[in-house]
1. In segment 297-327, how many are farther than 21 Å from T283 by Cβ and either in a loop (DSSP other than H, G, I, E, B) or open to solvent by 80 Å² or more (accessible area, probe 1.4 Å) (or both)?
2. Is it the case, given these coordinates, that I106 is farther than 21 Å from I356 by Cβ and in contact with a Leu (Cβ under 9 Å, 6 or more places away or on another chain)?
3. So which of E193, E253, E221 is more than 28 Å from N76 (Cβ to Cβ), acidic (D, E) and out of contact with any Asp or Glu (no Cβ under 6 Å at 6 or more places or on another chain)?
4. What number of residues in segment 113-122 are in contact with a strand residue (DSSP E or B) (Cβ under 9 Å, 6 or more places away or on another chain) and open to solvent by 10 Å² or more (accessible area, probe 1.4 Å)?
5. How many of the residues in segment 232-248 are open to solvent by 60 Å² or more (accessible area, probe 1.4 Å), under 19 Å from Q49 (Cβ atoms) and of a type outside the set (D, E)?
6. Anything in segment 50-82 that is part of a strand (DSSP E or B) and either on the phi > 0 side of the Ramachandran plot or of a type in the set (A, V, I, L, M, F, W, C) (or both)? List them, or say none.
7. So which residues in segment 437-456 are open to solvent by 40 Å² or more (accessible area, probe 1.4 Å), not acidic (D, E) and not in a strand (DSSP E or B), if there are any at all?
Amino acid sequence: MKRTNGFLMSWPVRLGRVGMFGIVLGAACLAAMFGVRSKAAVEEHAPPQVAEVVELKLDGEVEPILATYMEEGLANAAQRHAALVLITMDTPGGLSDSMKNIIQHILGSPVPVAVYVEPTGARGASAGFYILLSADVAAMAPGTHAGAASPVIMIGGFAQQIDETFRKKINNDAMAFLRSFTERRGRNPALAETAITEAKAFTEKEALENKMIDVVASSREDLLRQLNGRSITRFDGSKVTLALEHPAFVPFELSARQKFLARIVEPDAFFVLLLIGVLGLYTEFTHPGVVAPGVFGGICAVLALYAMHLLPVNFAGLFLILLALGFFILEAKFTSHGVLALGGIISMLLGAMFLIRSPLTNGGVSLGIALAATLPFAALTVFLMRLVLRSRKWKAATGMEELIGEQGIAVSALRAGVEGMIRIHGELWGAVSSQEAPEGAPVRVLRIEGLKLYVEPAQAPATSHS
């Protein structure tokens, strides 16, 4: 019995121990299951991680203000730790210095950069072609084109013929610059160079088939869908996988200041501001006290100096414009039968054409603007100088000099060479006549010495009889 009871007594104890262990183990399993399920539920209801895409716009000519805007936009994307910088492009080209500045910042950007030529009908020509191929991702929309990147020297909007050796020098420099980043990007440098040597342009299909671009996309959203999860090689050789499942576009716009300055640094606007500044200051110097021309001329001159600081200005062009101003002034002073005026017009037109130098890309004052601004400038300069010269011949309206040429009356008979008295403007003056004049005879003032008038007899005005 004891044994049995002992067995009966020990079995519940053992059962209790096993039961307690099972309860604890089951509770742990349940806790783990609920923990995993709870974690999965939290992850399921957590908001998706947003990928910021900073959007920049490269529209119009590539110039210094646009280059500054691109630099600031790329810096802003780096500060935001954005997933991608998207540069939408539609440009005919621009200044080589500004193009190189933009490319340098794209290559050094810590954030991947995609350049996208859009919308349909847009182009990435000349400087834009270089910028397109420099990006981590080069993309084009259907119906767009890029290329035609041959360096052209433009004068007055017309391409100039240059020495073959000089042309080779410029082309080789441009090709070396293009190869320096297209090879690292894994693109087709040999075909890209034909855009320089043969001025070739490519449609989006041709560019994609020949490995000059990476993607053809119908929209920005389509582009990001195609790029999501894609692995790209940065310029420094590092690999990056783009996570763009939930993109959020963050537009980076030109500031009001940049929009205003972008207009000033256009070659045509710079040329017009320069002429208005010169003409306004010239008007103020030749006609002191007018005020308004001096104020507006001074403002325009300062704005032109600002643009001159940013643009690649050729000082030969400036000297030709100043020479033209000198010719217009001389035309007013001397009788040249229009030769000086014609020389001034030619000099100013040449100055406008040489004013902006840009050997690698288009850029300069257009011939239409040069003509439209030069002819009125020439006419106004000659007209104002003639007014100044004519005013020097006018009789003084104040002081004793106003008496010269006026008529007076002899108060007493005047003898030749003997001082007498005459009345003029109601005043009595001592006068010496070159000829005798009876009392009451009219006399005309010839000159003045001190307080003495030198006169001569004048014919009395004819009287009418009815």
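1. The qualifying residues number 6.
2. yes
3. Exactly one of E193, E253, E221 is more than 28 Å from N76 (Cβ to Cβ), acidic (D, E) and out of contact with any Asp or Glu (no Cβ under 6 Å at 6 or more places or on another chain), namely E193.
4. Final tally of qualifying residues: 3.
5. 3
6. A51, V53, V54, L56, L58, V62
7. Answer for segment 437-456, where residues must be open to solvent by 40 Å² or more (accessible area, probe 1.4 Å), not acidic (D, E) and not in a strand (DSSP E or B): P438, G440, G450, L451.
Each row is one residue, and each column tells you yes or no for (1) modelled with pLDDT under 85; (2) part of a strand (DSSP E or B); (3) not hydroxyl-bearing (S, T, Y).
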| residue | (1), (2), (3) |
| --- | --- |
| M385 | yes, no, yes |
| S391 | yes, no, no |
| T398 | yes, no, no |
| G405 | yes, no, yes |
| I409 | no, yes, yes |
| Q435 | no, no, yes |
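The values are calculated or read from the model by the stated rules, or taken from the named source; none is laboratory data. The model shown is predicted, which means the values in this text are computed figures rather than measured ones. Quick reminder, even Gly has a Cβ in these numbers, built from the backbone with ideal geometry, and neighbours come from all protein chains shown. Accessible surface areas use protein heavy atoms only, side chains included; no ligands, DNA or RNA. Shrake-Rupley method; radii C 1.70, N 1.55, O 1.52, S 1.80 Å.
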